[in-house]
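These notes are about the structure you will find just below.
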Amino acid sequence: MKTKVLILTVALLLVVAASGFSLGLGLAYGLSPLGGLPANNVLFSAKFDQLPFLMGLTFSLQDPFRFGMTADWWMVQQPLAGIVNFYAGPGLYTGISGGTFDIGARIPLGLNIYPINVLELFLEVAPAIAFLPTFPDVGLQAAVGFRFWF
């Protein structure tokens, strides 16, 4: 299994390098008091530098099984002050936790910095509204994390 993951990762990196895109891969931690997908779990994130699209994936194999996914489109990306940048845009999320299926929309609002060229640090809050299982169910998701750029 580890060999397959390694081969897939290397193949993805080679495709990205050949295409001229940079790829940011990282981890985010769902902040418990504000929600998360699911809260208190690690979210894997991936973003191409030339596209304003970001994907996140989280899961827990412990009982109860949990799975979550985000898909965000950064419509605004601009410097805010010094090395601090701001991003915002619409997004979607889905999740399964303890047999309950959730799906909804979110608006990620984030701050990020690049202390060095290959490292991005970020803090994000995302007002969210659930469509399933109950509508409207308004919430606030949040995460803190990092991405390494290749």
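Just so it is clear, none of the values below were taken in a lab; they were calculated from the coordinates. Small disclaimer: the values here were computed from a predicted structure and weren't measured. Glycine gets a Cβ as well: all are built from the backbone with ideal geometry, and neighbour counts include every protein chain shown.
Counting Lys and Arg as +1 and Asp and Glu as -1, what is the net charge of the other residues whose Cβ lies under 15 Å from the Cβ of F48?
Within the 15 Å Cβ shell, the charges total -1.
Work out from phi, with θ = phi - 60° and the Karplus expression 6.51 cos²θ - 1.76 cosθ + 1.60, the ³J(HN,Hα) of each residue of region 108-118, listed in order in whole Hz, and give x for Gly and Pro.
So the Karplus estimates, Gly and Pro as x, are x, 10, x, 10, 9, 9, 10, x, 9, 4, 9 Hz.
Neighbour counts of other C-beta atoms within 10 Å: give me M75, M69 arranged from fewest to most.
In increasing order of surrounding Cβ atoms, one gets M75, M69.
Determine the principal axes of the Cα atoms in region 16-150, then give the extent along each, sorted from largest to smallest and rounded to whole angstroms.
41, 28, 26
Using the number of other C-beta atoms within 10 angstrom as an exposure proxy, rank W73, W149 with the fewest first.
W73, W149
Using Cβ counts within 10 Å as a stand-in for footprinting exposure, how do R106, R66 rank, fewest first?
R66, R106
Quick one: which residues, 5+ away or cross-chain, put their amide H under 5 Å from the amide H of F48? H built at 1.01 Å from N.
Excluding prolines and chain starts, which carry no amide H, the hits are G24, F53.
Could you run the Karplus curve 6.51 cos²θ - 1.76 cosθ + 1.60 with θ = phi - 60° over region 140-150 and give me ³J(HN,Hα) per residue in whole Hz, x for Gly and Pro?
Calculated HN-Hα couplings, in order: 9, 9, 8, 7, 10, x, 8, 9, 9, 9, 10 Hz.
Kindly write out, for region 80-87 in residue order, the coupling ³J(HN,Hα) from the Karplus curve 6.51 cos²θ - 1.76 cosθ + 1.60 (θ = phi - 60°), rounded to whole Hz, with x marking Gly and Pro.
Once rounded to whole Hz, the list reads 10, 7, x, 8, 8, 10, 10, 9.
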